[in-house]
Amino acid sequence: MEFRHLGRSGLMVSEISYGNWITHGSQVEEDAAKECVRAALDEGITTFDTADVYAGTKAEEVLGRALKGVRRESLEIFTKVYWPTGAGPNDRGLSRKHVTESIHGSLRRLQTDYVDLYQAHRFDNETPLEETLKTFDDLVRQGKVLYVGVSEWTADQIAQALKIADEMGFDRLVSNQPQYSMLWRVIESEVVPLSEKEGLSQIVWSPIAQGVLTGKYLPGQPPPAGSRATDSTGGNFISRMLTDDVLTRVQDLKPIAGDLGLSMAQLAVAWVLQNPNVASAIIGATKPEQVRDNVKAAGVKLDAEVLKKIDDVLGPIVERDPAKTVSPATRP
Ligand SMILES: NC(=O)c1ccc[n+]([C@@H]2O[C@H](COP(=O)([O-])OP(=O)(O)OC[C@H]3O[C@@H](n4cnc5c(N)ncnc54)[C@H](OP(=O)(O)O)[C@@H]3O)[C@@H](O)[C@H]2O)c1
C-alpha cells in the first residue's frame, strides 16, 4: 500500500480506502462484511469511509464491530453527516443541532472516541454556512473530530467555506469527497484546480463506477446474479450507467487492461490515482476477493499513451460538466 497526505494536512491516508455504502448492514451479511474489512486490513488499507445514513445507521455499527480490537492509531476512520437519519425535521442537514447529535451517534456506533475526518455529505442550503463551520470547529476543539471535509460540494461552495474559515479562524477544510472515475470527471475543471490552490485533496467515490468498469455487465444481457444491479437499493444507483453504449465501450477497454497485465478493476482504480489531487480512491466490495483484486492498483503508473487510448475508447460517454455537482435545493 502507498500513502498520501490528506490535503495540506499532516494526516496520511492509504491511497486505496475501503467504504461500506450499500454493502454493510444491507446488501451483504455481517460475516461477509467482516471478511471484506479483514481483507482490507491484510492488504494494508488503513482508511475506512462510512456515513451516518448508510443502511439507516446500521453500516456504522457493522464497521465498528468489524474494526473492534484493531489498534486505533493504525486506522483513519471517516464518516459523514447531512442525509436523514430519522423522520424529524432536525434529523437531517448541517444545523448545529443535527451535526452535534449525529457525531455522538456515529461515535457510539463506530465504538470510537473520535473520527479522523468528518465530512458534510452535501451542501445544506437551509443552514448558514457559518453555523456549520463553527460547529465543525467546536467538534475539532472537543477532540471528537480531527479533520473536517465536505462531499460533492462545488468549487464555489468550497471557496465560500474557506473564506469564512479564514475570517473566523475556524479549522480549514482538508478534503472533498466527489464521485470520480474514467466515466465521471466533473470535478476536473473547477473543483480540482481550486482544491490544489487551497490545499484540499479529493477522496473519490465509485472509482470503478459501482462495478461497471470491471466489465462484468455485458451489453444486451441481464446483470450477473448477486451484483449491485440486482440489489433492491443498489440497482437504483447503478442503473443510469447500464446502457448499451456505455457497456460496449467499457468492453473495449479490456485489451488496454490486458496489455498492462491489470484487471479491469485495477485499471479503473489506478486511473483515478493518476490525478495527484486525489488522496485516496474509496473502493466498495461485497467479497474479500474484490478487495484483494482492486487493491493491487496501488502504486500503478499509467503513461500518457494509455490515458489517451482510454479517452479514445470512451469518447462521448465521459461526463465532464461541472454543473453535475449538485446538492438538494432544500433538505431531503
Ligand atoms: N460521498 C458520497 O456521496 C458517496 C456516494 C457513494 C459512495 N461513497 C463512498 O465510496 C465508497 C465506494 O463506492 P462504491 O461502492 O460505489 O465503489 P466502487 O468501488 O466503484 O464499486 C464497488 C462495487 O463494485 C463491485 N466490485 C468491486 N470490485 C469488483 C471486482 N474486482 N470485480 C467485480 N465486481 C467488483 C461490488 O459490487 P457487486 O459485487 O455487488 O457487484 C462492489 O460493492 C462507498 O462505500 C462510500 O464509502 C460516497
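The values are calculated or read from the model by the stated rules, or taken from the named source; none is laboratory data. Note that the structure is predicted; figures quoted are calculated from it, not measured. Counting neighbours? That spans all protein chains shown, and the Cβs are built from the backbone with ideal geometry, glycine included. With ligands, DNA and RNA removed, areas are computed over all heavy atoms of the protein, side chains included. Shrake-Rupley method; radii C 1.70, N 1.55, O 1.52, S 1.80 Å.
Observations
- Accessible surface of region 1-148 [probe 1.4 Å, protein heavy atoms]: carbon and sulfur percent: 48 percent
- Centre separation in Å (Cα based) which lies between region 42-108 and region 241-311: 28 Å
- For region 264-273, backbone phi angles converted through the Karplus equation (6.51, -1.76, 1.60; θ = phi - 60°) give residue-by-residue couplings of 4, 5, 5, 4, 5, 5, 4, 4, 5, 6 Hz, Gly and Pro being listed as x.
- Estimated vicinal HN-Hα couplings, Hz - region 148-158 in sequence order (Karplus 6.51, -1.76, 1.60; Gly, Pro = x): 10, x, 9, 9, 6, 8, 7, 4, 5, 5, 5
- Sorted peptide list for 82-94, 146-158, 184-196, 307-319, criterion being average Cβ within 10 angstrom, highest first: 146-158, 184-196, 82-94, 307-319
- Dimensionless Rg over Rh [the chain; C-alpha; Kirkwood]: 0.95
- Summarising the amide proton neighbourhood of TYR147: residues at separation of 5 or more, or on other chains, whose placed amide H is nearer than 5 Å comprise LEU117, TYR118.
- In degrees, nearest ten, helix 304-314 long axis to first principal axis of the chain (Cα): 80 degrees
- DSSP beta bridge pairing in region 1-101, given as percent antiparallel to the nearest 5: 35 percent
- If you plug the beta carbon distance of GLU305 and GLU131 into 1/(1 + (r/R0)^6) with R0 = 56 Å, you get a FRET efficiency near 0.65.
- Each residue of region 167-176 was assigned a 3J(HN,Hα) from its phi angle through the Karplus curve 6.51 cos²θ - 1.76 cosθ + 1.60 (θ = phi - 60°); the sequence is 5, 9, x, 7, 4, 7, 5, 10, 7, 10 Hz, with glycine and proline shown as x.
- Amide hydrogen proximity for THR47: with H placed 1.01 Å from N in the peptide plane, the residues at 5 or more positions away or on another chain lying under 5 Å are SER14, TYR18, GLU76.
- 0 to 90° range, to nearest 10: angle between helix 96-110 axis and the chain longest Cα axis: 60 degrees
- Size-normalised alpha-carbon gyration radius of region 146-239, reference 2.2 N^0.38 Å: 1.40
- Note: relative contact order over the chain, using C-alpha pairs below 8 Å and six or more positions apart, is 22 percent.
- Distance histogram in 5 Å bins (all Cα pairs of region 186-311, percent per bin): 2, 10, 19, 21, 21, 15, 8, 3, 1, 0
- Solvent-free Debye scattering, log10 I(q)/I(0), computed from the Cα coordinates of region 89-175 at q = 0.12, 0.17, 0.24 Å⁻¹: -0.32, -0.65, -1.30
- Averaged per residue, the chain has 40 square angstrom of accessible surface, using a 1.4 angstrom probe with ligands and nucleic acids left out.
- Mean projected area of the convex hull spanned by the Cα atoms of region 13-132, taken over all viewing directions: 7.5 nm².
- Each residue of region 42-96 gets 94 Å³ once the volume of the Cα convex hull is shared out per residue.
- Gyration tensor (Cα) of region 1-61, equivalent ellipsoid semi-axes in angstrom: 24, 15, 7
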